[in-house]
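Here the structure comes first, spelled out in structure tokens, and everything after it is commentary.
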Amino acid sequence: MISSQFPGHAARTAMHVNPATRTRVSTSGRLFMAVMLIVIYEGAIRKWVADSSTLPLILLRDGLAAYAVLRAFWLGHFRRERLATQVAVMWSFCVIGWGLLQLMLGESTFPIYLIGLRFWLLYLWFAIAAVAGMNERDYIVSLRVLLYSLVLMAPLAVIQQQSPLDSPFNKTLDDDPSNVFTVVAGVARATATFSFTAGFTTFLALCAPFALGVLEARKRKPSHQLMALVIFGSLIICVLVSGARSAFVFIGGLLCIYLAGNLIFSPVKRKGWAIFAAVLTICVVLALGFVFQDALMDTQERFKVASEHEDFMGRVLTILLGEGGTVDRVTWLGAGIGIGSNLAQYVRSGSTAYFVFGETEAGRTLIEAGLLGGVFVLLKLGVAVTGLLASLRRARQTRAIYPVVVWITLVLAMQTWQTTGQLSANGLFALMFALGMLSLRYPVVRLFN
């Protein structure tokens, strides 16, 4: 009736339909999800299909990332993210120039220099290109792909934790059961589809804020509520069977922040629902802890053994600031950007078993780039503070804690993930950075719309 009286009403109404349901997935979104799927599943292909696929998978992933960047430049997408683009351009000039200086002074070689540009710049530009080119529909579908991968990961992680060390499920790249990492004697640490335990732990940290965000997403049907519980339960199951102390500490802390923040930011009339949701969430965690109590006891034993050999606060400081001997190994010029990565180590020695130039991100950055590494640490700190403050503003506007938990994860990722050292962590950080920036643009999770 209204439409017949006002012919323009239907058109105006169509213009106000939620973009997440009105638009189709763009090419930028498809490229982002293609890189995401390769990052998540390349380890599985290398372990269970063909260990010779390492280089082709790296080239495919890097080729897609480079194409996404070039396409964004060609179509002018970067104009939509002017500040991020300007910072990235200035930082790129610094890294390229510093790497050339290292080359001229004999501190690096050209192959290592190219690897350094890949680790320090390529996926930074890919993340910004994704943010500049993606719409809300792309963002929502990307979250679905990520979280459905988490759901698929849970049964695999359980099987790995329950299987003997020489089981095909716990296969390593060198196919040597003695190299399988263990929680306690005879119990394997789950790697899921990744080739190393650190990759799986980083993946769980990436998924955590979005799995928590699903809990506060609007659910129109009972099936949506069930799916939210499945996603959250999959996250908790993966943490319980992972045997990773960092996963327990980080995701446990993030869950506490989420529950407290949800209660604080929720409107007064919804405080009761927030309390009920917190109680239900805790009950789910306790129930899963009871079901997987053997895995929980193994991890508890690992915490106990580790506490006898290292100081917990000392370990935290090492992760944040670098190893104790880092300062003695740092020179003003650095040893060469990229030289501390597992890819560079593979090119130089054919092995990725050890991180010769430091195990922590902070230490490796300083050793690789010297003074520029210090600038990099300060730059990440500035981005972290700026983004965290922006997420707090968005949380107050939307009365939801979701953007804050995303940016807390991103802040810790900037400081602790081995972004410049590991292939998987490098790709996962690009995904986290892009999704973190998009969470400021789309602070309300419309996963079930």
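The values are calculated or read from the model by the stated rules, or taken from the named source; none is laboratory data. The structure presented is a predicted model; accordingly, all values stated were derived computationally and were not measured. So basically every Cβ, Gly included, is an ideal-geometry build from the backbone, and we count neighbours across all protein chains shown.
Within the range 202-209, not a single residue is farther than 18 Å from THR191 by Cα, hydrophobic (A, V, I, L, M, F, W, C) and touching a Leu at 6+ places or on another chain (Cβ under 7 Å). Checking TRP74, TRP91, TRP98 one by one, the residue that is surrounded by 20 or more Cβ atoms within 10 Å (Cβ to Cβ) and not β-branched (Val, Ile, Thr) is TRP98 and no other.
I'm trying to understand the selection: among the residues of the range 43-74, which are over 21 Å from the mean Cα position of the chain (by Cα) and over 19 Å from VAL347 (Cβ atoms)? Correct list: LYS47, TRP48, VAL49, ALA50, TYR67, LEU70, ARG71, ALA72, PHE73, TRP74.
Hey, does the range 194-206 have a residue that's farther than 29 Å from GLY253 by Cβ and either in contact (Cβ under 8 Å) with a residue 40 or more places away in the chain or crowded, with 22+ Cβ neighbours inside 10 Å (or both)? Checking the range 194-206: not a single residue is farther than 29 Å from GLY253 by Cβ and either in contact (Cβ under 8 Å) with a residue 40 or more places away in the chain or crowded, with 22+ Cβ neighbours inside 10 Å (or both).
Let's see how each residue does on (1) of a type in the set (Ser, Thr, Tyr); (2) modelled with pLDDT under 95; (3) touching a helix residue (DSSP H, G or I) at 6+ places or on another chain (Cβ under 7 Å):
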residue	(1), (2), (3)
LEU70	no, no, no
CYS94	no, no, yes
GLY97	no, no, no
THR109	yes, yes, no
ARG118	no, no, yes
LEU124	no, no, yes
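Pairing each residue of the range 328-339 that is over 15 Å from GLY106 (Cβ atoms) with any residue that is hydroxyl-bearing (Ser, Thr, Tyr), provided the two are 6+ apart or on different chains, yields C-beta distances under 8 Å for GLY338/SER108; GLY338/TYR113; GLY338/THR420.
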